[in-house]
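The values are calculated or read from the model by the stated rules, or taken from the named source; none is laboratory data. Treat the numbers as computed from the prediction; the structure is a model and nothing was measured. Neighbour counts run over all protein chains shown; Cβ positions are idealised from the backbone, glycine included.
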Amino acid sequence: MGKVFTGFGYWDVGAWIIFFVVAAFYVLWLRYQGRSDYKKGTEQDEIYWSGNETPEDGDGLTVPASSAYWGFRKALEPFYDRLVGMHTGIATDILGFYILVTAFMAAIILFV
Amino acid sequence: MNWNEHLPALLLALPLLGAFLAPLCSLGGKTLRNAMLVAVSFFTLLVAFFLWRTVLADGIQYYVMGGENSRLALPSGMAIPIRIILEVDALSAFMALCGAIASFAGALFSLNYMSRFTGLSRFASLYLLLTAGMLGMMITGDIFNFFVFIEVSSIASFGLIAFWRDRPAAVEASFKYALISQVGSMLILVAAGCLYGKYNMLNMAAIGSALKMGAMEKVALVFLVGSLAMKCGAFPMHMWLPDGYAEAPTGVTCLLVAVSQASLYGLARVCFSVYGIAIGSAFIPWMIIVFGLASMFFGVAMAVVQHDMKRLIGYHSVSQVGYMLLGLGVGLLVLGDPRAMAEFGFTAITGGLFHAFNYTMYKALLFLAAGAVYYATGKRDLNDMGGLARRMPYTAVMFLIASAAISGLPPFNGFVSKLFIYESSFAVHPFLAVVALVTSVLTLASFVKVFQTAFLGPEKSVFAGVREVPPAMLAGMAVLTVVVLGLTLFPSWSIANLAEPAARALVDQSGYIGAIMGGGM
């Protein structure tokens with residue numbers, strides 16, 4: 001275990017592990033307490049799905065990965081249009097970026 | 001005979017021997033070939049471990065190939081070394097250990113993963129050839145030899161990425177990588193030619209002892225930095241990487257992660273040990289820092305919107321390489337300033353190198369877990385997945401550990417190396433640390449998405465028949481999980497014995513040169 005000194009301060013892995021153990025114990029204890037009015041096999045076992053009937057298959061319940069962070073991508077649409085646009089997948093484009101970067105570095109280091 | 005003396009040569013001889021033995025072993029059946037693949041990978045790992053231990057105890061090890069005496073770098077009357085010399089300092093040994101672990105884990109995983117396919121004698125040959133090329137890049141002390149090992153690893157990579165040659169995407173990914181890799185390798189050869197033309201030497205330590213910055217040296221430096229940054233996946237030269245990583249068989253992707261680190265090692269070796277303070281201007285260090293920042297941010301930005309599991313993890317490779325480039329760039333920036341080096345430069349290099357080790361372990365684990373999901377479900381698209389933790393609990397737990405580590409969540413090992421990089425880069429400019437922190441947040445967001453969509457949520461009926469992957473695949477992942485947990489639970493030991501000796505070796509240019517030239521800088 002031990003402390004990690006970064007030169008600016010330190011960080012103790014042991015303290016974090018103790019914290020996680022205590023937190024996990026507390027969460028499990030809370031869960032163990034349960035609810036006194038819980039009855040197995042009743043509607044209490046049903047998934048709450050915005051008041052709608054729960055679909056049989058999980059397909060209808062999940063948010064697909066391509067919809068995750070939709071708002072994030074929408075807000076940054078101009079940025080993503082350019083970023084995704086530069087990833088053409090065309091071999092000559094891939095090579096072009098490499099040549100351009102190397103040429104730029106060569107020009108700066110030789111002539112500036 | 002003192003075996004320790006021959007460890008550097010053995011480290012290359014073992015996988016090379018295995019590569020050429022594979023077709024013969026295949027004649028004896030599948031079991032013999034598989035046993036050979038795993039045994040050679042395991043013994044290579046053992047040699048790498050003993051070499052690392054020997055270097056820590058006895059200092060730099062070197063091996064003169066083809067000489068009368070493997071320990072005689074400069075025979076009497078010779079002013080410069082002319083034979084190929086393998087030079088293993090703490091950095092080389094550290095990287096070789098890291099690469100050998102990834103190679104062993106990938107070999108174990110591939111036993112079951114590849115069992116459905118034909119052409120496995122070629123697979124085993126190329127896999128071990130790739131391992132030999134990677135380890136050669138990490139321990140050679142000769143710049144032309146470095147180019148040769150790059151070629152060995154590149155050619156093996158082309159074959160392995162296109163191993164499923166009935167898949168057009170795999171052939172295309174291999175072609176793209178071959179194209180850019182060959183141009184990069186040629187520029188490395190031109191750089192070696194520039195240095196040879198000027199100094200009449202190919203040994204890196206010898207060149208380092210004589211190097212004075214001029215136009216030829218600048219051209220060589222730019223070609224080496226550009227090519228090696230491209231090969232380790234720095235933005236905007238990274239575009240071959242997600243394709244190559246996604247299309248290669250998963251055990252190979254695990255090894256390709258370590259191979260990219262061999263290029264990062266080459267970049268560090270050239271900048272610190274060959275050029276050192278002769279690098280002069282701050283342009284190249286700042287270029288490496290800019291590569292780092294751009295790779296971190298744009299890599300993770302691309303990863304967040306991916307939904308192919310392996311491509312997503314591939315884009316995270318670009319992002320994670322950025323952290324290492326940032327750490328090494330900050331260290332290189334203050335190489336000639338002992339005070340700044342003591343205050344934050346050494347911390348940055350230590351963080352960068354520790355991150356390289358951490359990254360190889362958790363990234364290889366993530367790829368193996370993604371491969372396990374593909375093996376069990378036949379799916380790579382996250383949109384088609386869900387609820388797999390019930391069917392594949394071990395894979396899910398190991399993926400979760402690797403996700404927490406890559407996201408830099410305390411107390412995992414990724415956090416420790418990132419902490420070093422945050423604090424040291426902040427000392428150069430707060431903006432650098434802010435980019436690194438934002439990248440970490442986006443990494444976490446991305447892996448929350450992956451874990452939630454692949455492993456959590458309601459079970460899908462289409463996965464009713466899915467079972468946990470076979471034991472050899474779990475064992476491959478378990479090797480890496482144990483290493484990740486070990487680095488997590490014992491960070492001070494890991495830093496004191498792995499990262500700091502490597503960082504000390506990297507900044508000690510005179511030590512690297514003196515081991516070969518006898519202190520004659």
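The table below gives the values:
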read-out	value
Only listed residue being of a type outside the set (D, E, K, R) and modelled with pLDDT under 95, chosen from B:109, B:117	B:117
Some residue of segment B:503-513 being farther than 23 Å from residue B:341 by Cβ and surrounded by fewer than 19 Cβ atoms within 10 Å (Cβ to Cβ)	no
Answer from B:442, B:485 - the residue that is among the aliphatic types (A, V, I, L, M) and more than 22 Å from the chain's Cα centre (by Cα)	B:442
Candidates A:68, A:23, filtered to the one that is touching a Ser or Thr at 6+ places or on another chain (Cβ under 9 Å) and within 14 Å of chain B (Cβ to nearest Cβ)	A:68
Scope segment B:76-113; condition outside any helix (DSSP H, G or I) and either of a type in the set (Phe, Trp, Tyr) or surrounded by fewer than 23 Cβ atoms within 10 Å (Cβ to Cβ) (or both); matching residues	B:76, B:77, B:78, B:79, B:80, B:82, B:83, B:84
Test: residue B:265 is away from chain A (no Cβ under 13 Å) and farther than 28 Å from residue B:88 by Cα	no
Residues (polar (S, T, N, Q) and more than 14 Å from residue B:112 (Cβ to Cβ)) located in segment B:22-44	B:26, B:41, B:44
Number of positions in segment A:73-112 that are at the interface with chain B (Cβ under 7 Å from one of its Cβ atoms), among the aromatic types (Phe, Trp, Tyr) and under 22 Å from the mean Cα position of the chain (by Cα)	1
Residues that are of a type in the set (A, V, I, L, M, F, W, C) and in contact with a Phe, Trp or Tyr (Cβ under 9 Å, 6 or more places away or on another chain), drawn from segment B:496-517	B:498, B:499, B:502, B:503, B:505, B:506, B:507, B:515, B:516
Contacts under 6 angstrom Cβ, first residue in segment B:208-219 being more than 14 Å from chain A (Cβ to nearest Cβ), partner part of a helix (DSSP H, G or I), 6 or more apart	B:208/B:273; B:208/B:274; B:208/B:513; B:209/B:513; B:209/B:517; B:210/B:199; B:211/B:278
Qualifying residue in segment B:439-460 (condition: closer than 30 Å to residue B:339 by Cβ, more than 9 Å from chain A (Cβ to nearest Cβ) and either aromatic (Phe, Trp, Tyr) or surrounded by 16 or more Cβ atoms within 10 Å (Cβ to Cβ) (or both))	yes
Single residue of B:117, B:158 found to be among the aromatic types (Phe, Trp, Tyr) and in a helix (DSSP H, G or I)	B:158
Residue in segment B:461-470 that is farthest from the other protein chains (Cβ to nearest Cβ), counting only those that are farther than 13 Å from residue A:62 by Cβ and without any contact (Cβ under 8 Å) to a residue 24 or more places away in the chain	B:465
Residues of segment B:283-294 satisfying the condition of being crowded, with 24+ Cβ neighbours inside 10 Å and away from chain A (no Cβ under 12 Å)	B:289, B:292
Residue among B:28, B:66 that is without any contact (Cβ under 8 Å) to a residue 40 or more places away in the chain, under 16 Å from residue B:141 (Cβ atoms) and more than 25 Å from the chain's Cα centre (by Cα)	B:66
